[in-house]
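The values are calculated or read from the model by the stated rules, or taken from the named source; none is laboratory data. Just so we're clear, the structure is a prediction, and the values are computed from it rather than from any experiment. Counting neighbours? That spans all protein chains shown, and the Cβs are built from the backbone with ideal geometry, glycine included.
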Amino acid sequence: MSKIKTITLSHEEAFLSGDAIENLKGLIQGDVLLPSDDEYNNARKIWNGMIDKCPALIVRCTGPADVIDAVKFAREHNLLVAVRGGGHNVTGNALCDDGMVIDLSRMKGIHVDPKSCTARAQAGVTLGELDHETQVFGLAVPSGIVTTTGIAGLTLGGGFGYLSRKYGLTIDNLISVDLVTAEGEFLKASKTENEDLFWGLCGGGGNFGIVTSFEYKLQKIGPQVLGGMLLHPMEVAPEFLRFYRDFIADTPDELTVVPLLRLAPPAPFLPKVVHGKPVVGILVLYTGSSIEEGESLIAPLRQYGTPLIDGIGPKPFRALQSFLDVSARPGLNYYVKSEFLPALNDDIIDTLVEHASRITSPLSVIAGFHLGGAVSRIDEDSTAYSHRNASYSLILNTAWIDPNESDKHIKWTRAFWDALQPFSVGGAYVNFQSYDEGEDRVKTTYGTAKLERLSKLKRKFDPQNFFRLNRNIKP
Ligand SMILES: Cc1cc2nc3c(=O)[nH]c(=O)nc-3n(C[C@H](O)[C@H](O)[C@H](O)COP(=O)(O)OP(=O)(O)OC[C@H]3O[C@@H](n4cnc5c(N)ncnc54)[C@H](O)[C@@H]3O)c2cc1C
């Protein structure tokens, strides 16, 4: 085998000999994919179609042993390394040009213990795969709202979704992790073992090592819950969102109502005349003691005006979890901006409606992750994740097909985000940041005191900044 061109940690060109690659292939139980391999092009595809990176080699691991060997090999050859979990992060940090990708997406082991209400899942598992194994027992890990998202990146950034108001963030339900350090050492971290590391992993992203598996506390959910979507035409958005704001002001933790704005998709359940027209809606999940109680709690929301569609009703929790999957198709061009917002006031509502009315793509969605509840009652200093006081994490998830249109859509997103700045409660969610956000956004994400604590941790566990392709915390 001939040598291949690679890149070092400090971005200098280097070469790996054929013997070195053969040696690596001998160590790895999974695959070592090179550009000449048939599967290579498929293996370098991630969710965001904007990202087109060509690694020198992709190591598709089958378990911790492969991860340890891949890390040791990369260290020995001073290679730039990217770590891939579910490959859903919009920044494309799961890949790199010319370096090595340590790909965990084939690590799919899940073990559920319904007796202790705990589950352990390997780092390549997606939210839908985890729900599949837990929901059969009427259990779930509070996570995100699109089933194809990887548990790894989502958990390491914090993780929120329909269940957060009742049960906290994903990290608030994390018991322990198994991790491979920058030295290729295997460690466990929890609240009682490597506590400082565990603190940093709860929101600090992939900065401190490669997590090979996550152990979660499971919550009792459904399997049948009350939920679904309700849509109104955009013309009523200013009044409807004010009504929603007042309704939601003192709602119990069991009820999550996510506001969303978009162009109506050409879905069969929507009247043809509204296809492509701007709409405002809500996505509802009620997890209280009975469906009847939920029905009566949300009745005022459903009785408001004349909705275009009211799809709220009893349904399996997994159906609700996958409801937005069609709006997050892999391979489209994506650009994301987000902001933590307080409870909606008139000015925020008017800003949302003004910019949403100018939306540039039928595939884009503006959604307000409804937070508060249990998320906000957990001590701010107990995890690296910050700004638990936010009522919403508003996401501008911009998507389009034609790459020639990128400027138009990105410009709309930025102008929208700029207009939201005066209302921000501060901070930023590490998992909703785009490729063009700089170091300042990392500072904003954690604030000075937490960033110092995280940097100290980075000096302890990764002084050479081996794990640098992420929202990077400098040692
Ligand atoms: C369609 C869609 C829906 C989403 N919905 C939600 C939601 O409801 N709630 C929410 O909180 N977030 C949501 N997100 C954001 C999501 O949490 C992040 O994109 C997250 O980073 C995805 O994780 P991943 O493993 O799929 O991504 P990847 O791109 O594989 O990884 C993301 C980052 O984590 C690092 N990383 C991955 N695996 C590991 C590991 N095992 N050890 C160490 N570092 C690792 C990577 O190097 C990279 O820097 C959504 C994203 C998308 C695209």
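General observations
- Within the range 290-313, being over 23 Å from Met234 (Cα atoms) and free of Cβ contacts under 8 Å to residues at least 24 places away in the same chain holds for Ser290, Glu292, Glu293, Ser296.
- Residue in the range 247-267 that is of a type in the set (S, T, N, Q), out of contact with any helix residue (DSSP H, G or I) (no Cβ under 8 Å at 6 or more places or on another chain) and at pLDDT below 95 present: no
- Top-ranked residue of the range 432-468 - restricted to ones that are crowded, with 19+ Cβ neighbours inside 10 Å and under 18 Å from the mean Cα position of the chain (by Cα), ranked as farthest from the ligand (Cβ to nearest atom): Tyr446
- Residues in the range 369-409 that are closer than 20 Å to Gly331 by Cβ and β-branched (Val, Ile, Thr): 3 in all.
- The strands (runs of 3 or more DSSP E) found wholly in the range 1-69 and carrying at least 2 residues that are β-branched (Val, Ile, Thr) and over 22 Å from Thr149 (Cα atoms) occupy 4-7.
- Candidates Ile68, Ile51 - the one that is within 15 Å of the ligand (Cβ to nearest atom), under 23 Å from the mean Cα position of the chain (by Cα) and surrounded by fewer than 21 Cβ atoms within 10 Å (Cβ to Cβ): Ile51
- Odd one out for Leu270, checked against (1) within 28 Å of the chain's Cα centre (by Cα); (2) surrounded by fewer than 19 Cβ atoms within 10 Å (Cβ to Cβ); (3) under 23 Å from Thr398 (Cβ atoms): (1)
- Contacts under 6 angstrom Cβ, first residue in the range 66-78 being farther than 22 Å from Gln122 by Cα, partner at pLDDT 95 or above and of a type in the set (S, T, N, Q), 6 or more apart: Asn78/Thr8
- Among the residues of the range 210-232, just one is within 14 Å of the ligand (Cβ to nearest atom) and either free of Cβ contacts under 8 Å to residues at least 60 places away in the same chain or surrounded by fewer than 19 Cβ atoms within 10 Å (Cβ to Cβ) (or both), namely Glu215.
- When residues of the range 76-105 are limited to those that are among the charged types (D, E, K, R) and not in a strand (DSSP E or B), the one farthest from the ligand (Cβ to nearest atom): Glu76
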